[in-house]
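Data block below; observations after.
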Amino acid sequence: MSTLAQAEKQVDNPYIAAEMDSAYVEFLRTHPEYEATGLLDEWRKTEYGRLDENKQIYLDYTGGGLYGVSQLRQHTAMLEKNVLGNPHSANPTSLAMTDLVEETRRYVLQYFNTNAEKYTAVFTANASGALKLVGEAYPFASGGQYALTFDNHNSVNGIREFARSKGARVHYVPVGFPDLRLEQDIL
């Protein structure tokens, strides 16, 4: 629900507390451009309705994204239909899983307009796992430098330990206001 007409008609809207209905109607009058977000409201209702049902807001998308209902249904159907094994073996169930992993890898590379000749897509459990791989693989060396901002994901801060252990100096770079960009003259 995001159109003014809908807001005025739906007094018992389950997604907006009753005491907020009049404020919401007034908000739509003041900001008519918000009506363009109706598709997002519907998407939230159909794909992520559990958020409203449980009165929750989810913001940790760097840690892990929420799955939509349609994703869950499609994935469940795929698992019900297939027998999949460890992708590091050579039996039929393992080869089926390897095919799915490689198909996903190709899709990710295609999404970023590149291919396996230029890049390798590596799958990790989460952002922390990915950043740990970066810290372990990056060729930090004595005399080198690692620059990062003061406000980071904790795992970005963890990379500094890999840098320090190889003798690289760690620098914190401030961000400029109001756009929170790195100040180039300091770099």
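Any read-out appearing in this document is the output of simple, stated calculations on the displayed coordinates, not a laboratory observation. Please read these numbers as outputs of a predicted model, since none were measured by experiment. No Cβ is skipped: glycine too gets one built from the backbone with ideal geometry, and neighbour counts run over all protein chains shown.
Where Rh denotes the Kirkwood radius from the mean inverse Cα pair distance, what is Rg over Rh for the range 28-84?
Rounded to two decimals, Rg over Rh is 1.13.
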Quiz item: Over the C-alpha atoms of the range 127-182, what are the Rg and the largest Cα-to-Cα span, Dmax, in Å?
Solution: 12.0, 35
Self-check item: GluC sites (Glu not before Pro) restricted to DSSP loop in the range 100-144 with at most 15 other C-beta within 10 Å
Solution: Glu117
Quiz prompt | Taking only Cα atoms of the chain, radius of gyration then Dmax in Å | solution = 23.7, 68
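Test of the criteria: in the range 109-167, which chymotrypsin sites (Phe, Trp or Tyr not before Pro) are in a DSSP loop and have at most 13 other Cβ atoms within 10 angstrom of their Cβ? Working shown, then result.
Working: sites: Tyr111, Phe112, Tyr119, Phe123, Phe140, Tyr146, Phe150, Phe162; in loops: Phe112, Tyr119, Phe123, Phe140, Phe150.
Filter output for the range 109-167: Phe112, Tyr119, Phe123, Phe150.
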Quiz item: Using unit Cβ charges (K, R positive; D, E negative) and no other charged atoms, how large, in debye to the nearest 20, is the dipole of the chain about its Cα centre?
Solution: 940
Self-check item: For the chain, the longest site-free run once trypsin sites (Lys or Arg not before Pro) in DSSP loop states with at most 12 other Cβ atoms within 10 Å are removed
Solution: 119-187
